[in-house]
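Some notes on the structure that comes next.
The values are calculated or read from the model by the stated rules, or taken from the named source; none is laboratory data. Since the structure is predicted, the reported quantities are computational estimates derived from the model, not experimental observations. All Cβ positions, glycine included, derive from the backbone under ideal geometry; neighbour counts span all protein chains shown.
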């Protein structure tokens with residue numbers, strides 16, 4: 001369906017009306033002079049402009065909006081350096097399957113007297129990072145290009161799209177009969193009954209079936225369907241990092257998270273399985289297991305077919321809407337007497353015991369296990385934590401039980417530093433009644449720390465936990481693992497309490513282990529933006545991940 005637009009509208013006005021038709025609520029932006037016509041059209045619209053302090057953060061917020069709502073998040077930059085600052089956010093959304101549209105400005109394309117000042121081929125720059133990128137060269141084509149961009153951004157697999165709106169096209173008067181295209185209600189195709197029947201037969205024949213929940217399953221309808229499947233079949237399950245929370249991890253059949261690439265207890269379960277029902281596998285994540293010829297069988301359940309590579313070549317594929325496929329399996333694959341889950345339950349007992357170890361440790365600086373435990377204790381069931389990228393991400397993926405989907409915003413696709421704070425800000429904006437916490441390393445926090453001003457200006461309720469080791473801790477761990485001397489990864493930090501106060505936020509410094517939990521709880525209750533600086537003892541990385549797990553898993 002289409003709707004008429006009034007006559008005498010310019011390209012910028014038509015652009016904004018098309019965005020309104022798509023249901024856009026917010027645009028996250030660092031505007032420039034090339035965006036002024038669009039900015040004026042936004043001033044007169046119902047869309048809320050969120051002014052950021054860096055384009056990368058604007059893109060991270062737009063991508064997280066897409067992740068949390070399933071609708072396309074929108075961000076805006078000027079040309080040249082503004083557009084290049086969106087590149088990391090484009091990759092973040094594209095690899096993370098988050099629907100996002102970027103709008104960038106450009107000098108006039110029909111007549112310009114400024115030579116090549118600030119001009120880059122942004123469309124070509126965005127091509128390998130997006131599903132769709134176009135320059136708009138005629139104002140009359142704006143509605144069609146926006147509808148196409150939104151369609152592609154939203155379709156499985158979701159991702160990033162980009163439109164460039166030059167100054168002269170933004171001010172160009174459109175034809176009086178131009179129409180705005182309305183969003184379609186197309187539904188995703190359902191897997192064939194035959195492929196579903198074969199999947200049930202394979203599950204019935206297996207002795208030790210195991211369910212893997214990946215990034216592609218982290219959708220609300222899929223979560224509900226997987227709960228039905230696990231409850232009806234009694235088949236144990238584990239998750240990848242980006243599959244956390246799809247099923248409540250307090251479930252008695254939850255075996256753990258494949259936070260590490262190998263050598264953890266959960267890999268003992270994977271090795272024992274003769275069939276893995278792989279729901280939502282996404283190649284952007286590190287493989288949680290490697291297939292070998294003649295080894296375990298794999299059923300690939302996803303929106304699209306498997307990308308076959310040397311370590312992933314599923315014997316059967318169920319391609320179509322994941323929620324519908326899983327609901328069918330739940331209804332038609334009842335518990336089977338031949339299934340033996342005893343080994344899986346041994347693994348679960350070992351995982352549960354190991355993640356509890358250290359949760360009451362009183363050492364200071366604080367060990368990661370205690371930090372994870374205290375955060376879980378203060379977060380309500382529906383509370384949201386947004387993790388930046390660093391060593392603590394492995395500890396939270398492994399030790400922090402998630403109770404619902406998208407309550408742990410974790411990026412294991414691009415795995416970019418600097419995304420934690422903007423992601424948490426977006427969650428706090430969307431869900432003002434929920435408790436939201438950004439969990440950042442000192443390195444990742446300082447990559448977009450200027451957004452504290454944005455958070456304070458927006459009057460968000462947000463706690464920012466900085467896990468402070470004055471170093472790039474994950475790389476130090478890898479450096480040690482590979483036998484290199486300690487070199488080149490240590491730095492100094494500002495006084496984070498004073499830094500927070502300079503932005504109008506409230507700063508807290510943890511000086512005793514027993515103070516962490518009450519400080520976090522108090523900050524949550526007080527409202528507003530709070531920053532909590534906690535020193536961490538990362539010696540546990542080597543002791544637990546390199547030494548203890550190697551000894552314990554081989555004896556399991």
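Look at residue 341 and say whether it is surrounded by 14 or more Cβ atoms within 10 Å (Cβ to Cβ), closer than 30 Å to residue 510 by Cα and either in contact with a helix residue (DSSP H, G or I) (Cβ under 7 Å, 6 or more places away or on another chain) or assigned by TED's automatic domain parsing to the domain that holds residue 267 (or both). Against the criterion (surrounded by 14 or more Cβ atoms within 10 Å (Cβ to Cβ), closer than 30 Å to residue 510 by Cα and either in contact with a helix residue (DSSP H, G or I) (Cβ under 7 Å, 6 or more places away or on another chain) or assigned by TED's automatic domain parsing to the domain that holds residue 267 (or both)), residue 341 does not qualify.
So for segment 52-63 (the condition being assigned to a strand (DSSP E or B) and touching a strand residue (DSSP E or B) at 6+ places or on another chain (Cβ under 8 Å)), does at least one residue qualify? No: zero hits. In the set (1) more than 25 Å from residue 157 (Cα to Cα); (2) out of contact with any helix residue (DSSP H, G or I) (no Cβ under 8 Å at 6 or more places or on another chain), the condition left unmet by residue 261 is number (1).
Evaluate the following for residue 421: is it more than 22 Å from residue 258 (Cβ to Cβ), surrounded by fewer than 24 Cβ atoms within 10 Å (Cβ to Cβ), in the same structural domain as residue 490 (by TED's automatic domain parsing) and touching a residue at least 24 places away in the same chain (Cβ under 8 Å)? No: the conditions fail for residue 421. Residue 553 meets all of the listed conditions (1) touching a helix residue (DSSP H, G or I) at 6+ places or on another chain (Cβ under 7 Å); (2) farther than 30 Å from residue 343 by Cβ but one, namely (2).
Any idea which of 236, 252 is buried (at least 20 other Cβ atoms within 10 Å of the Cβ) and at pLDDT 95 or above?
236
When segment 8-29 is limited to residues that are within 22 Å of residue 458 (Cβ to Cβ) and touching a strand residue (DSSP E or B) at 6+ places or on another chain (Cβ under 6 Å), the one that is surrounded by the fewest Cβ atoms within 10 Å (Cβ to Cβ) turns out to be 26. Of 188, 157, all but one fail to be in contact (Cβ under 8 Å) with a residue 60 or more places away in the chain, outside the structural domain of residue 269 (by TED's automatic domain parsing), over 17 Å from residue 101 (Cβ atoms) and in a loop (DSSP other than H, G, I, E, B); the exception is 188.
For segment 206-235, filtered to residues that are in a loop (DSSP other than H, G, I, E, B) and more than 25 Å from the chain's Cα centre (by Cα), the residue that is farthest from residue 276 (Cα to Cα) is 234. Being in the same structural domain as residue 36 (by TED's automatic domain parsing), part of a helix (DSSP H, G or I) and touching a helix residue (DSSP H, G or I) at 6+ places or on another chain (Cβ under 7 Å) is a property that holds for residue 169.
Looking across 165, 129, 125, one residue alone is touching a residue at least 12 places away in the same chain (Cβ under 8 Å) and closer than 24 Å to residue 304 by Cα. It is 129. If you go through segment 102-128 and keep only what is surrounded by 22 or more Cβ atoms within 10 Å (Cβ to Cβ) and at pLDDT 95 or above, you end up with 102, 103, 104, 105, 122, 126. Listed by position, the strands (runs of 3 or more DSSP E) contained in segment 459-547 that have at least 3 residues being touching a residue at least 60 places away in the same chain (Cβ under 8 Å) are 462-468, 529-535. Checking each residue in segment 317-330 for being more than 17 Å from residue 212 (Cβ to Cβ), assigned to a helix (DSSP H, G or I) and out of contact with any strand residue (DSSP E or B) (no Cβ under 9 Å at 6 or more places or on another chain) picks out 324, 327.
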